[in-house]
1. Enumerate the lysines that Lys82 could reach by cross-link, defined here as Cα to Cα under 16 Å, with residues fewer than 8 away along the same chain left out.
2. Could you calculate the contour length gain from Ile83 to Asp45, that is, 0.36 nm times the residue separation minus the distance between their Cα atoms, to one decimal place in nm?
3. Taking Lys48 as the anchor, which aspartates and glutamates have their alpha carbon closer than 18 Å to its alpha carbon, excluding any fewer than eight residues away along the same chain?
4. Can you give me the distance in nm between label points at Lys119 and Leu20, each placed 7 Å from the Cα along the Cα-to-Cβ direction?
5. Among the GluC sites (Glu not before Pro) in the stretch 1-106, which ones are in a DSSP loop with at most 13 other Cβ atoms within 10 Å of the Cβ? Mind listing them?
6. Average projected area of the Cα convex hull of the stretch 50-127, in nm²?
7. Label points 7 Å out from Cα along the Cβ direction at Lys9 and Asp72: separation in nm?
8. What dipole magnitude, in Debye to the nearest 20, does the stretch 3-120 give about its Cα centre under +1 on Lys/Arg Cβ and -1 on Asp/Glu Cβ?
Amino acid sequence: MKLTEIIRKYNCKVYTPTLLKEKEINYGFCSDLMSDALMIMNSVDNPKILEETILITGLMTNQSVRTAEMLDVDVVLLVRGKIPSLKVVDLAIDSKVILMSTEHTMFNTSGMMYQDGIKGITYNQQW
């Protein structure tokens, strides 16, 4: 699914519009515990998968941006209408991480994305 389709379909607000680019999102991962995100996503052997992954979280601190940066994931979606601070937005811009938000809950967002064909990432899954 194209990132622009996700933005439109899930009514996302983009906090880093200068970083927007046309890209495919084929995988997703949800977590509010960035240590879980690091553990699970570090088990992915194929770096192309991480390039096509969106990190969905309710954590609107710099930890979510730093985690995405460490994993080479360049799209973070905040759920439940969370609004990041300017400091977090500035960090996302510096880190080249597309930061956006939706009013949907994490459960509904991930369910809708799954229904739209975005695959989940599971621990130690072989690709």
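All of the numbers you see were taken from the coordinates with simple rules; none came from a lab. Keep in mind that this is a model prediction, so the values were computed, not measured. Cβ: placed from backbone, ideal geometry, glycine included. Neighbour counts: every protein chain shown.
1. Qualifying lysines at Cα under 16 Å: Lys13.
2. Working it through step by step, the gained length comes to 10.4 nm.
3. Glu22, Glu24, Glu69, Asp72, Asp74
4. Computed distance between label sites Lys119 and Leu20 equals 2.9 nm.
5. Glu22
6. Spelled out: convex hull of the Cα atoms, projected over all directions, averaged, 5.2 nm².
7. 2.6
8. The dipole magnitude comes to about 340 debye.
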